[in-house]
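Beneath this line is the structure, given in structure tokens, with notes to follow.
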Amino acid sequence: HDMKVKGHVLVWHVTTPTFVERMSPEELREQLRRHIFTTMGHFRGRIQYWDVVNEALAPDGSLAENVFLKKLGPEYIEDSF
């Protein structure tokens with residue numbers, strides 16, 4: 001059918017397991033990188049587009065308070081790409 005598939009989502013605080021709260025910033029950064037590369041690598045050639053970071057903004061336009069922002073700072077968004 002020649003359909004293109006979009007992957008959703010690589011980084012989203014809603015689907016993040018609670019044990020992530022106990023990781024150090026360095027460990028979280030490495031695990032996040034590993035997750036992104038492993039997932040995208042697994043689907044290479046089959047998924048054309050990705051939602052990389054979901055719901056990074058709060059309704060008021062500020063950065064949403066989540067484990068990634070708390071532990072890694074706002075640069076987690078750019079680092080995810």
**Asked** Looking only at the stretch 13-43, which residues are more than 15 Å from K71 (Cβ to Cβ) and at pLDDT 95 or above?
**Response** R34, I36, F37, T38, T39, M40, G41, H42, F43
**Request:** Please determine, by comparing only the residues of the stretch 18-65 that are β-branched (V, I, T) and under 30 Å from D2 (Cβ atoms), which one is surrounded by the fewest Cβ atoms within 10 Å (Cβ to Cβ).
**Result:** T38
**Prompt:** Which ones in the stretch 1-29 are assigned to a loop (DSSP other than H, G, I, E, B), more than 15 Å from Y76 (Cβ to Cβ) and more than 15 Å from the chain's Cα centre (by Cα)?
**Reply:** H1, D2, M3, K4, V5
**Message:** Filter the stretch 36-62 down to the residues that are in a helix (DSSP H, G or I), touching a residue at least 24 places away in the same chain (Cβ under 8 Å) and over 20 Å from E75 (Cα atoms) and list them by number.
**Reply:** T39, M40
**Message:** Going by what's in this entry, would G41 be described as more than 12 Å from the chain's Cα centre (by Cα) and on the phi > 0 side of the Ramachandran plot?
**Reply:** no
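The values are calculated or read from the model by the stated rules, or taken from the named source; none is laboratory data. As the structure is a computational prediction, the values presented were derived from the model and not from experiment. Every residue, glycine as well, gets a Cβ built from its backbone with ideal geometry; the counts of neighbours run over all protein chains shown.
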